[in-house]
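Please find one structure pasted underneath; my questions will follow.
Taken together, the values in this text are just the output of simple stated rules run on the coordinates, not laboratory data. These figures come from a predicted structure and were not determined experimentally. Quick reminder, even Gly has a Cβ in these numbers, built from the backbone with ideal geometry, and neighbours come from all protein chains shown.
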Amino acid sequence: MGAKLYGATGKVLRVDLSQGRIWEEVLDEATLRKYFGGTCLGVKYLCDEVDPKSDWSDPQNRLFIGSGPLGGTRVPGSGTISFVTKGALTNAASSTQANGFFGTFLKFCGFDAVLFQGAAPDWKYLYIHNGVAELRDARHLLGQDTWQTEESIKGELGYTERNMSVFSIGPAGENLVKFAGIIGDRGHVAAHNGVGAVMGSKKLKAIAVARGKGKVEVVDDKQLTAIAKQLVESARTEAGVVFHWGTSRAISVAEPAGWLPVKNYTTNAFPEHELFVGDRVRAVFETKSYPCWACPSHHRELMKVTEGPYTGYFGKEPEYEQWAAWGPQIYQKDPGAAVMLSNEVDRLGMDANEASWVVGWVMECYEKGILTQKDLDGLEMTWGNADATLGLLKNIAHRRGFGNLLAEGVKYAAEKVGGEAVNMAICTGKGNTPRGHDHRGKWWEMLDTCVSNTGTLETQLLFLDLGIYGLPKQIDPFSWEQVSAAVAKTKGALQFVDSLVTCWFITRGDLPLLCQAVKAATGWDVDFEEALRVGRRAVNLMRFFSIKRGLTPDLEQPSHRYASTPVDGPVKGRTILPHWQQMISNYYQLMGWDKETGLPLPETLRELGLEHLIAD
Amino acid sequence: MAISGEATQTSDEVSSKQFGTDVGSGMIEVTVEIVSWLKDAFDKKGPGRLILHEAIAPGTSIMDLIQLMADKYPKFAKEALDDRKQELSGSIAVILNGSFVSSLAELNTGLKEGDIVTFLPAFSGG
Ligand code: SF4
């Protein structure tokens, strides 16, 4: 038996769904020290155990759900979990996170992570409680949405609201919609790259973990408590807008700054954005605070609509990206309808970003006569039609009629429809799509979305002190050189946070302080450089996996509409395409990747302790 | 009833001789718009933009204007400038006549009569 571990449990719960077999895998401290947990550990399993050339729906694909060494501690937001798999939308690596309580309860049950392989002969859910796990029949849960599934499982197992965390798939995941997500704890979403479809392909409806009586043992509880307090205090003072308002105020900046997606990127003007701002919505609608584990912020609220046709609708307050998706992107001007659509998408179990690019594209096709009401199974897909949008989303989730094609994602659907419709799809060459922003006003995010190995953003600059990354305090958002340098030099910071695992918003990606937290929790001496190396290890492993799968650099570019030139707003006339090649070259070079193939160079792999990949 | 039509684009307009000199004595006037939660720095709340009419000397650059306003509004100074009050803090973004000002060089652009300068939080997430 190895030395006693602190922070991490060193145990991974392994589940072979084909065989119905469950066992514990014990990791040594050296492995944990190198890969930490969450994203980085999940990516290690992906690369070690999955053939990059296999299909995402192959039972040999793994679905990793991981907490990490800070999970379940006093560090705010440490109930967060990271999902790693070979994603359905790009058929390449995928890493996506959800906040809430699951990570904490899993740690309390004695595990750092759960790793699924195989596919069940019939629908199951996994129930974990006090160090024990069992697969249970889930056939009676089929067709239930994600909120219903959560309630049903808690009900049948006799748990109350905060004593169990359940993450499940909805109809979209059951029907293998390529952008299905995994949703739990009342609206926390692991949204990206079709992780819900992977779960559906394994016939796994849900994972439920009871709170349990265990706790996470740490080396220096007093010190960790002090650091946790400091993290909260810094968030309160330095990032007050998110601490007090979550992302609900972002729309008030996005529109005037030119990065609000409006009408499928055909304009940047949406004066009605003021109706959606948190200051107004929280004053008009009924709200109730619903924060995550150990988080005192006012980010997450439950919300009841009190005006308009959806009066009485109850759900979670939309995040900025959901307001953007179900307001301006589909040119819909009623915040109550946006609350309804945001929650219905969560309940159906889909990624709101991809769903909104699909719906916006359909609406533009409808306006231009490319798609008719008959094509769309009778739905009148005029801009802003919330009821028709709901009908279309249900058709997608159940793969009914035209929804079956749309369930493949906007890139595939546009290519099938062909002609001018192809030019209207917002996506990358790999098939993934942007977050809920107009990246023509945020070049760094467009670059990052295109070069990402996760199927979603891989870099987060929000709150970062760019100075410690050797960058100017504020980058010129339209300079190819500064943008590509910022994306490359900060790469790894987000993956480190996602390997601990905690929440970027409440910790502000403060790597130096998080290193101190790791030391207090585990006893490991980790400095800023090492933290960044851990994150970059995850990025380069995913990169390696995706290239072995067949990714080529020519796919790392934005679609015609995604990279089009804004026709109005403060970014009017700025065009990214003439700079694209320079951006990519500079980025590859700074990342230590081959400029022709995009593959990490041997010296890059060596520097990250990944020399075992060099011979492959 | 659905909420539709016009958003409440109410503005809080302040027309003033901001920097101690009247327009008409060789000064020019520019409009300054303050957007979103940056209005908190001016103790203004509610929807819409805060609009200020500022009299400045000809040749005043955007950066000079920020410095002048920072002298007058200490909370704005805290948001806009670094601790030494010499450089931008990285927390605000600037739009000149509806077009994004992205580089430091552009901040040295001399302002003209009737220019509209918009300040907003440099928030990139959400
Ligand atoms: S900041 Fe928000 S997402 Fe993060 S832990 Fe707190 S409530 Fe959860």
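Can you quote the Å³ per residue value for the convex hull of the Cα atoms in region A:409-491, rounded to an integer?
Values: hull volume 7.9 nm³, N = 83.
Each residue corresponds to 95 Å³ of Cα convex hull volume.
Which three extents, in angstrom, do the Cα atoms of region A:373-525 have along their principal axes, listed largest first?
Projected onto the principal axes, the Cα atoms of region A:373-525 cover 62, 37, 25 Å.
Let me ask something else about it. Helix-derived [θ] at 222 nm for the protein assembly as shown: sum -39500 (n - 2.57) over DSSP H runs of at least 4, divide by residue count, nearest 500? Mind showing how you got there, number by number?
On the way: 28 runs with 257 residues, N = 742.
About -10000 deg cm²/dmol.
For chain A, what is the relative contact order in percent, using Cα pairs closer than 8 Å and at least 6 residues apart in sequence? Walk me through the intermediate numbers first.
Details: 1495 pairs, mean separation 102.5, N = 616.
RCO, chain A: 17 percent.
Here's another thing I want to ask about it. From the cross-link list A:Lys178/A:Lys489; A:Lys222/A:Lys304; A:Lys34/A:Lys203; A:Lys368/A:Lys416; A:Lys53/A:Lys205; A:Lys178/A:Lys374, which pairs have alpha carbons spaced over 28 Å apart?
Cα-Cα > 28 Å for A:Lys178/A:Lys489; A:Lys222/A:Lys304; A:Lys34/A:Lys203; rest within.
In addition: Return the Rg/Rh ratio of region A:112-167 with Cα-based radii and a Kirkwood Rh.
On the way: Rg = 11.8 Å, Rh = 12.4 Å.
When Rh is taken as the Kirkwood radius, the ratio is 0.95.
Can you give the alpha-carbon Rg of region A:220-377 over 2.2 N^0.38 Å, where N counts its residues?
Numbers: Rg = 18.0 Å, N = 158, 2.2 N^0.38 = 15.1 Å.
Ratio of Cα Rg to 2.2 N^0.38 Å: 1.20.
Right, something else. Based on the Kirkwood radius over alpha-carbon pairs, what value in µm²/s does the Stokes-Einstein equation return for the translational diffusion coefficient of region A:574-614 at 20 °C and 1.002 mPa s?
Stokes-Einstein gives a translational diffusion coefficient of 192 µm²/s.
Turning to a different aspect of this structure: Among the aspartates and glutamates, which have Cα under 17 Å from the Cα of A:Lys124 when same-chain residues fewer than 8 positions away are ignored?
Within the straight-line limit of under 17 Å, A:Lys124 reaches these aspartates and glutamates: A:Asp16, A:Glu134, A:Asp137, A:Asp145, A:Glu150, A:Glu151, A:Glu156, A:Glu174.
Okay, next question. Magnitude of the Cβ-charge dipole of region A:11-210, K/R +1 and D/E -1, about the Cα centre, nearest 20 debye?
Dipole magnitude for region A:11-210 comes out near 260 debye.
Report the one residue of A:Trp56, A:Ala421, A:Gln148 whose Cα lies farthest in the direction of the positive end of the charge dipole of chain A (charges on C-beta: Lys and Arg +1, Asp and Glu -1; origin at the Cα centre).
The one lying farthest along the dipole's positive direction is A:Gln148.
Treating each Cα of region A:161-246 as an identical point scatterer and ignoring solvent, apply the Debye formula and state log10 I(q)/I(0) at q = 0.11, 0.18, 0.24 Å⁻¹.
One equal scatterer on each Cα of region A:161-246 leads to -0.53, -0.89, -0.98.
Then there is this: How long are the semi-axes of the ellipsoid equivalent to the protein assembly as shown, from square roots of 5 times the Cα gyration tensor eigenvalues, in whole Å, largest first?
Working: eigenvalues 322, 177, 131 Å².
Rounded to whole Å, the semi-axes are 40, 30, 26.
Give, as a single signed number, the net charge of other residues whose beta carbon lies under 12 Å from the beta carbon of A:Asp351, with Lys and Arg counted +1 and Asp and Glu -1.
-1
Same structure again: Between Rg and the Kirkwood Rh of region A:11-210, both from Cα atoms, what is the Rg to Rh ratio? It would help to have the intermediate numbers written out before the result.
On the way: Rg = 15.0 Å, Rh = 16.2 Å.
Rounded to two decimals, Rg/Rh equals 0.93.
Counting other beta carbons within 10 Å of each Cβ, put A:Lys263, A:Lys202, A:Lys229 in order, fewest first.
So the residues, fewest neighbours to most, are A:Lys229, A:Lys263, A:Lys202.
Next question, about the same structure. Quick check on the exposure proxy: order A:Thr146, A:Thr522, A:Thr306 from fewest to most C-beta atoms within 10 angstrom.
Going from sparsest to densest Cβ surroundings: A:Thr306, A:Thr522, A:Thr146.
Quick one: of the DSSP bridges fully inside chain A, what percent are antiparallel, nearest 5?
Percentage antiparallel, nearest 5: 80.
How big is D for region A:439-613, in µm² s⁻¹ as a whole number, if Stokes-Einstein is applied with the Kirkwood radius of its Cα pairs at 37 °C and 0.692 mPa s?
193
Here is a follow-up. Tell me which of A:Met542, A:Thr490, A:Thr247 sits at the most positive position along the dipole axis of the protein assembly as shown, charges placed on C-beta atoms (Lys, Arg +1; Asp, Glu -1).
My answer, from the dipole projection, is A:Met542.
While we're on this one: Along the three principal axes, how long is region B:43-112 when you take its alpha carbons, biggest first, rounded to the nearest angstrom?
Reported extents, whole Å, longest axis first: 31, 28, 23.
Which semi-axes, in whole Å and largest first, does the equivalent ellipsoid of region A:1-97 have when worked out from the alpha carbon gyration tensor as the square roots of 5 times its eigenvalues? Don't skip to the end; give the middle numbers.
On the way: eigenvalues 118, 53, 29 Å².
Working from the Cα gyration tensor, I get semi-axes of 24, 16, 12 Å.
Mind checking which lysines have their Cα closer than 20 Å to the Cα of A:Lys572? Skip sequence neighbours fewer than 8 apart in that chain.
Result set, ordered by chain and number: A:Lys263, A:Lys442.
May I pose another question? Counting only other residues whose beta carbon sits under 12 Å from that of A:Thr597, what net charge do I get with K and R as +1, D and E as -1?
In short, -1.
Please report, in whole Å³, the volume per residue of the convex hull around the C-alpha atoms of region A:288-346.
80
Could you line up A:Trp593, A:Trp524, A:Trp259 from fewest to most neighbouring Cβ atoms inside 10 Å?
Placing the least packed residue first, the sequence is A:Trp524, A:Trp593, A:Trp259.
Treating cross-link reach as a plain straight distance, find the aspartates and glutamates whose alpha-carbon is under 13 Å from the alpha-carbon of A:Lys154, omitting any fewer than eight places away in the same chain.
Counting by Cα, and skipping residues close in sequence, A:Lys154 has these aspartates and glutamates nearby: A:Asp185.
Within region A:90-130, list the residues whose amide N lies under 17 Å from a label point set 7 Å along Cα→Cβ of A:Asp221.
Flagged as within label range: A:108-109.
Explain nothing, just the number: dipole magnitude of the protein assembly as shown about its Cα centre with +1 on each Lys and Arg Cβ and -1 on each Asp and Glu Cβ, in debye rounded to the nearest 20.
1560
Follow-up. Bin width 5 Å, origin at 0, all Cα-Cα pairs of region A:40-107: what percent of pairs per bin?
Distribution as computed: 4, 19, 25, 19, 14, 11, 6, 1, 0 percent.
Let me ask something additional. Could you point to the residue in B:Leu68, B:Leu107, B:Ala41 farthest towards the positive end of region B:11-121's charge dipole, with +1 and -1 charges on the Cβ of Lys/Arg and Asp/Glu respectively?
My answer, from the dipole projection, is B:Ala41.
Can I ask one more? Regarding region A:65-170, what whole-number volume in Å³ per residue does the convex hull of its Cα atoms give? Kindly include the intermediate steps, with their values, before the conclusion.
Details: hull volume 12.7 nm³, N = 106.
Per-residue hull volume (Cα only) is 120 Å³.
Counting Lys and Arg as +1 and Asp and Glu as -1, each charge on the Cβ, what is the dipole of region A:245-414 about the Cα centre in debye, to the nearest 20?
240
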